[in-house]
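Since every read-out is calculated from the coordinates, none of them should be taken as a lab result. Small disclaimer: the values here were computed from a predicted structure and weren't measured. As a convention, Cβ positions derive from the backbone with ideal geometry for all residues, glycine included, and neighbour counts pool all protein chains shown.
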Amino acid sequence: MAATKKLFGEKVDLREKDESNPHVIDDSKDEEKEGKNLEKLMFEDPCYVKVLLDVSEDGITPQSEKSERHKILEELIKDKGEHLETVKTCRYCGEEKVKIFSIRFSDGISTTPEFTCCEKEDCIEKMLSGTKRNSVQIERFQFSVLRKLQRSATNWSDFKKVIELFRWAFGVSWRWDEVRLTNKTAFGVFFQGGRE
Ligand SMILES: [Zn+2]
């Protein structure tokens, strides 16, 4: 729209800019990211979303007003990404939602829904039964954890397994679930209390 107006020599209406969706990446040099929303990227490249927040914070002074995107990034990284409840129930007690997952190391890593549980000690015990404790890493379903694992990943296919587990836990998996990860379903995870 804006381009058409320029073509005919009219002024570009600044309000048009406000109408662009602050959730959606439309100004990236990275084609992979174009057209995706921040929520979907939380499940694909969470470190990228954090970098966007860092860049927004760098540019802000105490007097300046935060952009809509900056506010959304803050909400995703600092609030929702850390406190969002999963949609899957603990297989051991059948009561609480899963909060914890374990990564098992032997010949690469292995993460499956079987190795997830709620926070209750009993359930954690059951999840860990029969495993050597020193070959298991226990983590929480928080996006800061996902970023930590992305940063430390030596192997992309290993990190993909963790991403897949997160998608499963939040109900937007591509393998174990019927709901696929799209802009819409990812937005639903963060802003509409889970799947649509
Ligand atoms: Zn449980």
How do 24, 136, 55, 98 line up, fewest other C-beta atoms within 10 Å first? 55, 136, 24, 98
Along the chain, longest interval not containing exposed chymotrypsin sites (Phe, Trp or Tyr not before Pro), exposed being DSSP loop plus at most 15 other Cβ atoms within 10 Å: 9-173
Here the relative contact order (percent) of the stretch 87-140, from C-alpha pairs under 8 Å and at least 6 apart, is 39 percent
Residue 184 paired with residue 119, simple spin-label distance in nm, labels 7 Å along Cα-to-beta-carbon: 3.5 nm
Just grab the label-to-label distance for residue 26 and residue 63, each label 7 Å out from Cα along the Cβ direction, in nm (one decimal). 3.1 nm
Among 100, 77, 109, the residue with the largest mean-square fluctuation in a Gaussian network model of the chain built from Cα contacts under 10 Å is 109
Once normalised by the length of the chain, the mean sequence separation of its alpha carbon contacts under 8 Å that are 6 or more apart gives a contact order in percent of 19 percent
Theoretical ellipticity at 222 nm over the chain - DSSP helices of four or more residues, -39500 (n - 2.57) apiece, nearest 500: -11000 deg cm²/dmol
If the convex hull is drawn through the Cα atoms of the chain, its volume per residue in Å³: 156 Å³
Counting other beta carbons within 10 Å of each residue's own, what order do 123, 117, 93 fall into, fewest first? 93, 123, 117
Mind checking which lysines have their C-alpha under 27 Å from residue 132, skipping anything on the same chain fewer than 8 residues away? 88, 97, 99, 120, 148, 160, 161
Backbone N within the stretch 99-121 under 18 Å of label point (7 Å from residue 140 Cα along the Cβ vector): 99-103, 116-121
Restricting attention to the stretch 95-182, which trypsin sites (Lys or Arg not before Pro) occupy a DSSP loop and are surrounded by at most 15 other Cβ atoms within 10 Å? 132, 175, 180
Can you tell which of 169, 153, 186 shows the greatest fluctuation in a Gaussian network model of the chain with Cα springs below 10 Å? 153
Tell me the label-point distance for the pair residue 74, residue 156, using the 7 Å Cα-to-Cβ offset, in nm and rounded to one decimal. 3.4 nm
